[in-house]
Amino acid sequence: MSELNSEDLAAGLNDLPSLPAVVMELLGSIDQQDIDVSVLAKKLSHDQALTAKTLRLANSSLYGLQVKVTTIQQAITFLGFQTTRNLIIAVAVTGCFPSGRCPAFDDKAFWRHSIATAACARVLARRMRFNQDYAFTAGLLHDIGRLVLVSTQPERYQEALALRAERDCELLDAERAVLGVDHVETGVALAEHWNFSDTMRQAIACHHAPETQGAGFLAGIVHAANAIAHALDLACDEDELVPAVSAAVWTALGLSEESYLHAFHETELQFEEMSAILMA
Amino acid sequence: MSHGNKLTPLAAAQPGMVLSDALLDGQGQVLLAQGTVLTEGVLASLGRHGVEMLPIGAASAAPADPEQIQKRLDHLFRHNERDDDEDWATGILRRYIEDYRLGRGATP
């Protein structure tokens, strides 16, 4: 069976639906602070669906605003630019991939897992005094390579999923066996194609191997959040499997059992609220 | 959303069930908050107020069976051996999740 090479991968990326230009701009600028907010708010106001969902998220209890924001400009004023930007990215990305091309791939379960990981990463980041917005977005996008594979190679991805079920192995191994690439490599390729920041790219690249030299703390947070999201069983996937947790990451987080139990509870609450909005 | 906020007839509601959504009156005022645990007294009072349907999620409608929960958790953690020292971090996560799901240890 022929394996995918980097050219196939690049061709596949070009066939993907594109994000609104303003969202691409936001993705590329995730590390920058000096952005003209009013220009951005104006550009976004043309996209009503995107604006409406972003405002629903901003007004959800996750952010505890005392006032109801009705424009992107107001959201930026009350939540700050970084948080608003991450909400916009979340809304845009969750709505951008077509579904139903590969019967064995449950895209609802995929997004439930991604949203659960994002919620958990945000909860863990707060406890670790790490940037919660980065953690949220990295958690949401950590498996985005799976969507690329399933959108560009639906039949082959079907085979990979069948092999995973048959061997009950890690998904990464099944993907490599059938396609010659896995969702981590593909996710990194997409991150480059979409101009994600280095921090975000690194977190996607290393979430299964957080002990890699230079992986960064964010990769560790996403690694733990991914395992917890699987363990909390929020994706409603019959075949759900908790991957091995890195001892190094667990030690670095250094949280008590009580902290974890609270984090589980918070994750579940945030998950319910976020998924109700993002998957509407 | 995954549990669905389906409505349950008052007659079928049992003490101990939890409201998956706020219960509103005809004017949109909150009668009972989301998360309220129903008691016999509350149910009787709702009957007197003419409430016919309650928002009770599918998840809370059936009391959880600890054996079923344990079975599901064992399935989720099927790649983890409990006495594998190499995989201790997964083992600890497993124990915490069990404590969380089975209501042991510190309840948040």
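The values are calculated or read from the model by the stated rules, or taken from the named source; none is laboratory data. Note that the coordinates shown come from a computational prediction; the quantities given were computed from them, not determined experimentally. Cβ placement follows ideal geometry from the backbone for every residue including glycine, while neighbour counts extend to all protein chains displayed. Just the protein is used for accessible areas: all its heavy atoms, side chains included, with ligands, DNA and RNA removed. Shrake-Rupley method; radii C 1.70, N 1.55, O 1.52, S 1.80 Å.
A few points about this structure:
- Length available on full extension from A:Ser45 to A:Glu170: 0.36 nm per residue minus the Cα-Cα distance, which gives 40.8 nm.
- Computed over chain A, the P(r) tail beyond 23 angstrom holds 52 percent of alpha carbon pairs.
- Maximal additional length on extending the A:Asp36-A:Met24 stretch stands at 2.8 nm, based on 0.36 nm per residue less the C-alpha distance.
- Each label point was placed 7 Å from the Cα along the Cα-to-Cβ direction; for A:Gln66 and B:Thr39 their separation is 3.4 nm.
- Amide H contacts of B:Leu54 (H built 1.01 Å from N, under 5 Å, at least 5 apart or other chain): B:Thr8, B:Leu10
- Largest GNM mean-square fluctuation among A:Asp47, A:Asp143, A:Asp107, using chain A with Cα springs under 10 Å: A:Asp47.
- Using only alpha-carbon positions in the stretch A:1-139, the gyration tensor eigenvalues give semi-axes of 28, 19, 16 Å once each is multiplied by 5 and square-rooted (largest first).
- Residue among A:Ala227, A:Ala52, A:Ala189 with the largest mean-square fluctuation in a Gaussian network model of chain A, springs linking Cα atoms under 10 Å: A:Ala52
- The protein assembly as shown, accessible area per residue, ligands and nucleic acids excluded (1.4 Å, Å²): 46 Å²
- Between A:Ala248 and B:Gln27, the distance separating the two model label sites (each 7 Å from Cα on the Cα→Cβ line) works out to 6.3 nm.
- Between A:Asp198 and A:Lys108, the FRET efficiency estimated from the beta carbon spacing at R0 = 30 angstrom works out to 0.45.
- Taking the 1.4 Å solvent-accessible surface of chain A as the whole, the part contributed by carbon and sulfur is 49%.
- Membrane-span-like helices in chain A, defined purely by DSSP H runs whose alpha carbon atoms cover 18 Å or more axially and whose average Kyte-Doolittle hydropathy reaches -0.5, are A:81-94, A:107-127, A:217-232, A:257-278.
- Shape category assigned to the stretch A:136-248 from the gyration tensor of Cα positions, a/c cut at 1.5: oblate
- Chain pair A, B: total accessible area buried, heavy atoms, 1.4 Å probe, Å²: 2600 Å²
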